[in-house]
Amino acid sequence: MIVLLDERKRRILAAVVDAYILTGEPVGSKAIAALPDIRVSPATIRNDMAMIEQLGYLEQPHTSAGRIPTYSGYRLYIDELMNAKTLSDEEKTLLDNCLDVDVPTADALIESASKALAELTHCATVVKNVAPKFSVITKVELIPTGRRMYVLLMVTSSGNIKNKVCRLEFDLTNEQIEFFSRYMAENLQGVSIEDLDGDTIDRLVSAMGAYMVTLAPLLQGVCELAEGFKDNEIKLQGEKNLLARQDINTDQIVEFFENRNKVVKNMLDDSFGDLQVLFGEDGGFIIENSSMIVSKIKKDGKTAGSLGVIGPMRLDYAKIIPYLEYLTDRITDIISDGEPPQAESPPSEKQ
(Lines give C-alpha, C1' and ligand atoms only; values in the text may rest on other atoms or scores of the structure.)
Protein backbone atom coordinates (compact mmCIF):
# COMPACT_ATOMS: atom_id res chain seq x y z
CA MET A 1 0.00 0.00 0.00
CA ILE A 2 1.37 3.41 -0.95
CA VAL A 3 1.11 5.97 1.87
CA LEU A 4 1.05 9.57 0.68
CA LEU A 5 2.18 12.54 2.71
CA ASP A 6 -0.54 15.06 3.52
CA GLU A 7 0.09 18.74 2.90
CA ARG A 8 1.39 19.45 6.40
CA LYS A 9 3.88 16.60 6.34
CA ARG A 10 5.03 17.70 2.89
CA ARG A 11 5.69 21.20 4.25
CA ILE A 12 7.57 19.74 7.20
CA LEU A 13 9.73 17.53 4.96
CA ALA A 14 10.51 20.47 2.69
CA ALA A 15 11.40 22.59 5.72
CA VAL A 16 13.73 19.88 7.08
CA VAL A 17 15.54 19.59 3.73
CA ASP A 18 15.85 23.39 3.41
CA ALA A 19 17.25 23.70 6.94
CA TYR A 20 19.67 20.80 6.51
CA ILE A 21 20.98 22.19 3.21
CA LEU A 22 21.59 25.51 4.95
CA THR A 23 23.22 24.28 8.17
CA GLY A 24 24.41 20.71 7.61
CA GLU A 25 23.08 19.85 11.08
CA PRO A 26 20.22 17.48 12.01
CA VAL A 27 16.95 19.40 12.21
CA GLY A 28 14.75 19.25 15.31
CA SER A 29 11.05 19.87 15.82
CA LYS A 30 11.58 23.19 17.63
CA ALA A 31 13.41 24.65 14.65
CA ILE A 32 10.57 23.63 12.35
CA ALA A 33 7.89 24.92 14.74
CA ALA A 34 9.53 28.37 14.67
CA LEU A 35 8.89 28.71 10.94
CA PRO A 36 5.99 31.02 10.03
CA ASP A 37 4.22 28.59 7.69
CA ILE A 38 4.29 25.67 10.15
CA ARG A 39 1.54 26.52 12.62
CA VAL A 40 1.50 23.47 14.90
CA SER A 41 3.21 22.54 18.13
CA PRO A 42 6.66 20.92 18.38
CA ALA A 43 4.97 17.77 19.74
CA THR A 44 2.80 17.48 16.63
CA ILE A 45 5.83 18.09 14.44
CA ARG A 46 7.76 15.34 16.27
CA ASN A 47 4.95 12.89 15.56
CA ASP A 48 4.82 13.92 11.91
CA MET A 49 8.60 13.66 11.55
CA ALA A 50 8.49 10.17 13.07
CA MET A 51 5.89 9.13 10.48
CA ILE A 52 7.89 10.73 7.66
CA GLU A 53 10.91 8.76 8.91
CA GLN A 54 8.90 5.52 8.84
CA LEU A 55 8.08 6.24 5.20
CA GLY A 56 11.80 6.46 4.44
CA TYR A 57 12.11 10.19 3.70
CA LEU A 58 13.98 11.16 6.88
CA GLU A 59 16.45 9.46 9.16
CA GLN A 60 17.80 10.11 12.65
CA PRO A 61 21.60 9.83 12.80
CA HIS A 62 21.58 9.63 16.63
CA THR A 63 18.85 8.75 19.12
CA SER A 64 18.55 12.22 20.60
CA ALA A 65 19.35 14.13 17.40
CA GLY A 66 17.04 15.75 14.90
CA ARG A 67 16.39 14.35 11.43
CA ILE A 68 18.21 14.58 8.12
CA PRO A 69 16.90 13.77 4.64
CA THR A 70 17.44 10.37 3.02
CA TYR A 71 18.03 9.79 -0.69
CA SER A 72 14.27 9.31 -1.06
CA GLY A 73 13.62 12.50 0.86
CA TYR A 74 15.89 14.50 -1.41
CA ARG A 75 14.28 12.91 -4.45
CA LEU A 76 10.75 13.83 -3.35
CA TYR A 77 11.94 17.30 -2.40
CA ILE A 78 13.46 17.95 -5.83
CA ASP A 79 10.63 16.39 -7.80
CA GLU A 80 7.66 17.87 -5.93
CA LEU A 81 8.40 20.07 -2.91
CA MET A 82 11.24 22.41 -3.80
CA ASN A 83 10.51 26.07 -4.44
CA ALA A 84 12.86 26.65 -7.36
CA LYS A 85 14.33 30.12 -7.40
CA THR A 86 13.21 32.56 -10.08
CA LEU A 87 16.28 34.18 -11.54
CA SER A 88 16.47 37.95 -11.33
CA ASP A 89 17.56 40.10 -14.25
CA GLU A 90 20.87 40.66 -12.47
CA GLU A 91 21.45 36.92 -12.14
CA LYS A 92 20.61 36.35 -15.79
CA THR A 93 23.09 39.05 -16.77
CA LEU A 94 25.71 37.42 -14.55
CA LEU A 95 25.13 34.05 -16.21
CA ASP A 96 25.12 35.59 -19.68
CA ASN A 97 28.52 37.12 -18.90
CA CYS A 98 29.79 33.63 -18.02
CA LEU A 99 29.37 32.58 -21.64
CA ASP A 100 32.41 33.47 -23.71
CA VAL A 101 30.75 33.85 -27.11
CA ASP A 102 34.06 34.87 -28.67
CA VAL A 103 35.57 31.38 -28.33
CA PRO A 104 36.13 29.57 -31.67
CA THR A 105 34.02 26.44 -31.13
CA ALA A 106 30.81 25.24 -29.51
CA ASP A 107 32.82 22.92 -27.26
CA ALA A 108 34.87 25.87 -26.03
CA LEU A 109 31.66 27.81 -25.37
CA ILE A 110 30.36 25.00 -23.18
CA GLU A 111 33.69 24.71 -21.37
CA SER A 112 33.65 28.44 -20.58
CA ALA A 113 30.21 27.97 -19.01
CA SER A 114 31.48 24.95 -17.09
CA LYS A 115 34.39 26.89 -15.60
CA ALA A 116 32.17 29.80 -14.58
CA LEU A 117 29.55 27.48 -13.07
CA ALA A 118 32.22 25.76 -10.95
CA GLU A 119 33.23 29.15 -9.56
CA LEU A 120 29.64 30.22 -8.88
CA THR A 121 28.57 26.99 -7.16
CA HIS A 122 31.87 26.05 -5.46
CA CYS A 123 31.36 22.56 -6.86
CA ALA A 124 32.91 20.55 -9.66
CA THR A 125 31.33 20.72 -13.09
CA VAL A 126 31.29 18.12 -15.83
CA VAL A 127 30.98 18.52 -19.60
CA LYS A 128 30.24 15.96 -22.24
CA ASN A 129 31.25 17.72 -25.40
CA VAL A 130 29.12 18.35 -28.46
CA ALA A 131 28.38 15.12 -30.33
CA PRO A 132 30.33 14.65 -33.60
CA LYS A 133 27.16 13.74 -35.47
CA PHE A 134 26.61 17.48 -35.96
CA SER A 135 30.01 18.00 -37.60
CA VAL A 136 31.19 17.43 -41.14
CA ILE A 137 34.69 17.73 -42.51
CA THR A 138 35.31 21.10 -44.12
CA LYS A 139 39.02 20.86 -44.78
CA VAL A 140 41.94 18.40 -44.77
CA GLU A 141 45.33 19.96 -45.39
CA LEU A 142 48.82 18.47 -45.67
CA ILE A 143 51.68 20.73 -44.56
CA PRO A 144 55.37 19.82 -45.08
CA THR A 145 57.37 20.68 -41.95
CA GLY A 146 60.75 19.05 -42.49
CA ARG A 147 62.54 16.11 -44.01
CA ARG A 148 59.93 13.35 -44.36
CA MET A 149 57.79 15.17 -41.77
CA TYR A 150 54.24 16.36 -42.51
CA VAL A 151 51.38 17.78 -40.49
CA LEU A 152 47.83 16.68 -41.26
CA LEU A 153 45.25 19.33 -40.40
CA MET A 154 41.52 18.60 -40.17
CA VAL A 155 38.83 21.27 -39.67
CA THR A 156 35.14 20.53 -39.02
CA SER A 157 31.98 22.53 -39.57
CA SER A 158 31.71 23.15 -35.81
CA GLY A 159 35.03 24.99 -35.91
CA ASN A 160 37.05 22.26 -34.21
CA ILE A 161 40.60 21.72 -35.40
CA LYS A 162 42.91 18.76 -34.90
CA ASN A 163 46.35 18.09 -36.30
CA LYS A 164 48.72 15.16 -36.39
CA VAL A 165 52.40 14.86 -37.20
CA CYS A 166 53.17 12.09 -39.71
CA ARG A 167 56.66 10.74 -40.41
CA LEU A 168 56.94 9.04 -43.80
CA GLU A 169 59.58 6.73 -45.25
CA PHE A 170 60.36 9.22 -48.02
CA ASP A 171 59.81 12.81 -49.06
CA LEU A 172 56.71 13.58 -51.13
CA THR A 173 56.88 15.42 -54.42
CA ASN A 174 54.82 18.53 -55.08
CA GLU A 175 52.69 16.45 -57.44
CA GLN A 176 51.92 13.94 -54.67
CA ILE A 177 51.06 16.69 -52.19
CA GLU A 178 48.77 18.40 -54.69
CA PHE A 179 47.08 15.09 -55.54
CA PHE A 180 46.49 14.31 -51.86
CA SER A 181 44.96 17.75 -51.17
CA ARG A 182 42.71 17.50 -54.21
CA TYR A 183 41.72 13.91 -53.37
CA MET A 184 40.76 14.90 -49.80
CA ALA A 185 38.69 17.84 -51.03
CA GLU A 186 36.84 15.69 -53.56
CA ASN A 187 36.17 12.73 -51.26
CA LEU A 188 35.99 14.03 -47.68
CA GLN A 189 34.74 17.60 -47.78
CA GLY A 190 31.17 17.56 -46.43
CA VAL A 191 31.46 13.99 -45.07
CA SER A 192 30.14 13.46 -41.52
CA ILE A 193 32.78 12.77 -38.89
CA GLU A 194 30.72 9.78 -37.77
CA ASP A 195 30.81 8.30 -41.28
CA LEU A 196 34.59 8.39 -41.53
CA ASP A 197 35.75 4.99 -40.32
CA GLY A 198 38.28 2.31 -41.25
CA ASP A 199 36.11 0.88 -44.02
CA THR A 200 35.74 4.29 -45.64
CA ILE A 201 39.51 4.86 -45.49
CA ASP A 202 40.14 1.41 -47.01
CA ARG A 203 37.87 2.25 -49.93
CA LEU A 204 39.64 5.56 -50.46
CA VAL A 205 43.04 3.85 -50.37
CA SER A 206 41.94 1.28 -52.93
CA ALA A 207 40.71 4.02 -55.26
CA MET A 208 43.99 5.96 -55.21
CA GLY A 209 45.58 3.82 -57.91
CA ALA A 210 49.28 4.52 -58.38
CA TYR A 211 49.36 6.77 -55.31
CA MET A 212 48.04 4.04 -52.99
CA VAL A 213 51.33 2.84 -51.48
CA THR A 214 52.80 6.32 -51.15
CA LEU A 215 49.83 8.08 -49.54
CA ALA A 216 48.12 5.28 -47.58
CA PRO A 217 49.91 6.24 -44.30
CA LEU A 218 48.47 9.74 -44.59
CA LEU A 219 44.96 8.38 -45.01
CA GLN A 220 45.45 6.32 -41.88
CA GLY A 221 46.39 9.55 -40.13
CA VAL A 222 43.17 11.15 -41.40
CA CYS A 223 41.22 8.26 -39.89
CA GLU A 224 42.97 8.74 -36.54
CA LEU A 225 42.10 12.44 -36.56
CA ALA A 226 38.45 11.60 -37.14
CA GLU A 227 38.51 9.12 -34.24
CA GLY A 228 39.86 11.91 -32.06
CA PHE A 229 36.82 14.04 -32.88
CA LYS A 230 34.52 11.14 -32.01
CA ASP A 231 36.02 10.74 -28.55
CA ASN A 232 33.48 12.53 -26.35
CA GLU A 233 35.89 13.03 -23.50
CA ILE A 234 34.37 13.93 -20.16
CA LYS A 235 35.95 17.17 -18.95
CA LEU A 236 35.91 18.35 -15.34
CA GLN A 237 36.32 21.81 -13.88
CA GLY A 238 36.62 22.75 -10.20
CA GLU A 239 38.06 19.44 -8.98
CA LYS A 240 39.62 21.26 -6.02
CA ASN A 241 36.15 22.29 -4.87
CA LEU A 242 35.24 18.62 -4.40
CA LEU A 243 38.50 17.75 -2.66
CA ALA A 244 37.95 20.60 -0.21
CA ARG A 245 34.63 19.17 0.98
CA GLN A 246 34.61 17.54 4.40
CA ASP A 247 31.35 15.65 3.81
CA ILE A 248 32.53 13.56 0.81
CA ASN A 249 35.02 10.70 0.92
CA THR A 250 38.29 11.90 -0.64
CA ASP A 251 39.34 8.41 -1.78
CA GLN A 252 36.06 8.03 -3.67
CA ILE A 253 36.53 11.44 -5.28
CA VAL A 254 39.99 10.42 -6.51
CA GLU A 255 38.56 7.14 -7.83
CA PHE A 256 35.88 9.10 -9.66
CA PHE A 257 38.50 11.39 -11.22
CA GLU A 258 40.43 8.35 -12.48
CA ASN A 259 37.33 6.68 -13.95
CA ARG A 260 35.24 9.70 -14.88
CA ASN A 261 34.92 8.88 -18.58
CA LYS A 262 33.59 5.40 -17.90
CA VAL A 263 31.36 6.45 -15.00
CA VAL A 264 29.78 9.53 -16.51
CA LYS A 265 29.45 8.35 -20.11
CA ASN A 266 27.26 5.49 -18.91
CA MET A 267 24.92 8.05 -17.34
CA LEU A 268 24.84 10.82 -19.92
CA ASP A 269 23.06 8.98 -22.70
CA ASP A 270 19.96 10.10 -24.55
CA SER A 271 17.57 8.07 -22.40
CA PHE A 272 17.09 10.58 -19.58
CA GLY A 273 15.08 13.78 -19.72
CA ASP A 274 16.39 17.29 -20.19
CA LEU A 275 17.38 17.47 -16.50
CA GLN A 276 18.61 14.60 -14.34
CA VAL A 277 19.63 14.46 -10.67
CA LEU A 278 21.73 11.48 -9.59
CA PHE A 279 22.71 10.59 -6.04
CA GLY A 280 25.57 8.50 -4.73
CA GLU A 281 23.34 5.46 -4.49
CA ASP A 282 22.31 5.61 -8.15
CA GLY A 283 23.79 3.08 -10.53
CA GLY A 284 27.42 3.61 -11.41
CA PHE A 285 27.98 6.85 -9.49
CA ILE A 286 30.77 5.95 -7.07
CA ILE A 287 30.88 8.92 -4.67
CA GLU A 288 28.74 8.35 -1.60
CA ASN A 289 26.83 11.27 -0.08
CA SER A 290 27.09 13.15 -3.37
CA SER A 291 24.85 14.34 -6.13
CA MET A 292 25.21 15.18 -9.81
CA ILE A 293 22.78 17.50 -11.59
CA VAL A 294 22.97 17.24 -15.36
CA SER A 295 21.18 19.27 -18.01
CA LYS A 296 21.16 18.57 -21.75
CA ILE A 297 22.43 20.92 -24.41
CA LYS A 298 20.65 20.63 -27.74
CA LYS A 299 21.20 21.69 -31.31
CA ASP A 300 18.24 21.83 -33.65
CA GLY A 301 16.18 19.77 -31.21
CA LYS A 302 18.71 16.95 -30.80
CA THR A 303 20.99 16.25 -27.86
CA ALA A 304 24.41 17.77 -28.54
CA GLY A 305 26.10 17.52 -25.14
CA SER A 306 25.61 17.82 -21.39
CA LEU A 307 26.64 20.19 -18.62
CA GLY A 308 26.47 19.13 -15.00
CA VAL A 309 27.32 20.05 -11.41
CA ILE A 310 28.86 17.54 -8.98
CA GLY A 311 28.86 18.22 -5.26
CA PRO A 312 27.68 16.93 -1.91
CA MET A 313 24.15 15.65 -1.54
CA ARG A 314 23.52 18.76 0.58
CA LEU A 315 23.40 21.09 -2.46
CA ASP A 316 21.27 24.19 -2.84
CA TYR A 317 19.14 22.57 -5.55
CA ALA A 318 16.62 25.42 -5.60
CA LYS A 319 19.40 27.78 -6.75
CA ILE A 320 21.74 25.54 -8.75
CA ILE A 321 19.07 23.87 -10.91
CA PRO A 322 17.74 27.20 -12.29
CA TYR A 323 21.34 28.34 -12.92
CA LEU A 324 22.13 25.15 -14.81
CA GLU A 325 18.91 25.18 -16.82
CA TYR A 326 19.39 28.83 -17.80
CA LEU A 327 22.96 28.25 -18.99
CA THR A 328 22.13 25.15 -21.03
CA ASP A 329 19.11 26.88 -22.58
CA ARG A 330 21.30 29.83 -23.57
CA ILE A 331 23.99 27.56 -25.04
CA THR A 332 21.28 25.67 -26.94
CA ASP A 333 20.00 28.95 -28.39
CA ILE A 334 23.50 30.09 -29.38
CA ILE A 335 24.62 26.91 -31.15
CA SER A 336 21.22 26.38 -32.80
CA ASP A 337 21.06 29.91 -34.19
CA GLY A 338 22.81 29.22 -37.47
CA GLU A 339 26.31 27.83 -37.33
CA PRO A 340 28.24 27.69 -34.05
CA PRO A 341 31.25 29.96 -33.58
CA GLN A 342 33.95 29.27 -36.17
CA ALA A 343 37.70 29.44 -35.89
CA GLU A 344 39.02 32.48 -37.75
CA SER A 345 42.07 30.74 -39.15
CA PRO A 346 43.64 27.32 -38.52
CA PRO A 347 47.23 27.02 -37.28
CA SER A 348 49.76 26.30 -39.98
CA GLU A 349 51.46 23.50 -38.08
CA LYS A 350 51.64 21.70 -34.79
CA GLN A 351 54.14 23.31 -32.49
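The values are calculated or read from the model by the stated rules, or taken from the named source; none is laboratory data. This structure is a prediction, so every number in the text was calculated from the model and none was measured. Cβ sites come from the backbone with ideal geometry, for glycine too, and all protein chains shown count toward neighbours. We work out accessible area using only protein heavy atoms, side chains counted, and drop any ligands, DNA or RNA first. Shrake-Rupley method; radii C 1.70, N 1.55, O 1.52, S 1.80 Å.
GLU80 meets each of the listed conditions (1) out of contact with any helix residue (DSSP H, G or I) (no Cβ under 8 Å at 6 or more places or on another chain); (2) open to solvent by 70 Å² or more (accessible area, probe 1.4 Å); (3) not aliphatic (A, V, I, L, M) apart from (1).
Residues of segment 1-49 that are β-branched (Val, Ile, Thr) and either out of contact with any Gly (no Cβ under 7 Å at 6 or more places or on another chain) or loosely packed, with under 14 Cβ neighbours inside 10 Å (or both): ILE2, VAL3, ILE12, VAL16, ILE21, THR23, ILE32, ILE38, VAL40, THR44, ILE45.
Whenever a residue of segment 47-63 is under 14 Å from VAL27 (Cα atoms), its partners that are open to solvent by 30 Å² or more (accessible area, probe 1.4 Å) and assigned to a helix (DSSP H, G or I), lying with C-beta atoms within less than 7 angstrom and at least six residues away or across chains, give the pairs ASP48/ARG8; TYR57/SER72; GLU59/GLU53; GLN60/GLU53.
For segment 1-21, the candidate set comprises residues that are in a loop (DSSP other than H, G, I, E, B) and in contact with a Leu (Cβ under 8 Å, 6 or more places away or on another chain); within that set, the residue that is modelled with the highest pLDDT is LEU5.
The single condition among (1) among the polar types (S, T, N, Q); (2) within 27 Å of the chain's Cα centre (by Cα); (3) open to solvent by 40 Å² or more (accessible area, probe 1.4 Å) that THR145 does not satisfy is (2).
Taking each residue of segment 73-88 that is more than 14 Å from VAL16 (Cβ to Cβ) and modelled with pLDDT under 95 and looking for partners that are open to solvent by 20 Å² or more (accessible area, probe 1.4 Å) and not aromatic (Phe, Trp, Tyr) with beta-carbon atoms closer than 6 Å, six or more apart or interchain, yields LYS85/LYS319. Of all the numbered requirements in (1) surrounded by 16 or more Cβ atoms within 10 Å (Cβ to Cβ); (2) modelled with pLDDT under 85, ILE320 misses one, and that requirement is (2).
LEU117 meets each of the listed conditions (1) of a type outside the set (Ser, Thr, Tyr); (2) modelled with pLDDT under 90; (3) in contact with a helix residue (DSSP H, G or I) (Cβ under 8 Å, 6 or more places away or on another chain) apart from (2).
In segment 2-31, the residues that are farther than 13 Å from TYR57 by Cα reach residues that are hydroxyl-bearing (Ser, Thr, Tyr) and open to solvent by 10 Å² or more (accessible area, probe 1.4 Å) with C-beta atoms within less than 6 angstrom, at least six apart or across chains, in these pairs: VAL27/TYR20. Residue check: GLY221 meets all listed conditions (1) open to solvent by less than 20 Å² (accessible area, probe 1.4 Å); (2) over 21 Å from PRO144 (Cβ atoms) but one, namely (2).
Taking the conditions exactly as written (in a helix (DSSP H, G or I), open to solvent by 40 Å² or more (accessible area, probe 1.4 Å) and at pLDDT below 85), does LYS262 satisfy them or not?
It is true that LYS262 is in a helix (DSSP H, G or I), open to solvent by 40 Å² or more (accessible area, probe 1.4 Å) and at pLDDT below 85.
Among the residues making up segment 83-100, none is more than 16 Å from LEU324 (Cβ to Cβ) and buried (at least 16 other Cβ atoms within 10 Å of the Cβ).
Selection of segment 190-243 for residues being β-branched (Val, Ile, Thr), modelled with pLDDT of 85 or more and either over 29 Å from GLY159 (Cβ atoms) or not in a helix (DSSP H, G or I) (or both) yields VAL191, THR214.
Check segment 22-37 and report whether any residue there is within 21 Å of PRO322 (Cβ to Cβ), out of contact with any His (no Cβ under 6 Å at 6 or more places or on another chain) and in a helix (DSSP H, G or I). Taking every residue of segment 22-37 in turn, at least one turns out to be within 21 Å of PRO322 (Cβ to Cβ), out of contact with any His (no Cβ under 6 Å at 6 or more places or on another chain) and in a helix (DSSP H, G or I). The single condition from (1) surrounded by 13 or more Cβ atoms within 10 Å (Cβ to Cβ); (2) farther than 21 Å from LYS319 by Cα that PRO69 fails is (2). The set of residues in segment 236-251 that are among the basic types (Lys, Arg) and surrounded by fewer than 18 Cβ atoms within 10 Å (Cβ to Cβ) contains only LYS240. For TYR57, the test of being closer than 30 Å to LEU327 by Cα and either in contact with a strand residue (DSSP E or B) (Cβ under 8 Å, 6 or more places away or on another chain) or surrounded by 11 or more Cβ atoms within 10 Å (Cβ to Cβ) (or both) is failed. Of the residues contained in segment 164-171, one or more are found to be assigned to a loop (DSSP other than H, G, I, E, B), open to solvent by less than 20 Å² (accessible area, probe 1.4 Å) and not hydroxyl-bearing (Ser, Thr, Tyr).
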